[in-house]
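Quick notes on the structure that follows.
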Amino acid sequence: MKNRYEAHHRVTITAIARRAAALVSTLTGHAPESMASLERCDGGWRVGVEVVEVARIPDAADILAVNDVRLDDHGDLISHQRTRRYPRGQLEREHRR
């Protein structure tokens, strides 16, 4: 059983997701569109944050990117990397396969 200190200072999954989104926005200048992934990993969290890097008309032509953010157990940044960039329409085709 965890002691009161550990339980009180544990960061929630929602807080981790929000923190990752805020960091991506600050680091890239792009507003987060969605969470592509969220998982617990050694010593913290790994979060995939999807952003629109280039907005086009129609939106199906937007260029999206997934940013991999690693946070420690307290929500502090360990690393950030853009891992994938693709046209929005490409994602839709992948899901149909």
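At an R0 of 22 angstrom, the distance between the Cβ atoms of residue 86 and residue 14 translates into a FRET efficiency of 0.20.
Here the 3J(HN,Hα) profile of segment 44-53, calculated from phi with Karplus coefficients 6.51, -1.76 and 1.60 at θ = phi - 60°, is x, 9, 10, 10, x, 10, 8, 10, 8, 7 Hz, Gly and Pro shown as x.
Read-outs: derived from the displayed coordinates by stated rules, not from any lab. Computed from a prediction, not measured in an experiment: that's the story for all the values here. All Cβ positions, even for glycine, are placed from backbone atoms using ideal geometry, and neighbour counts span all protein chains on display.
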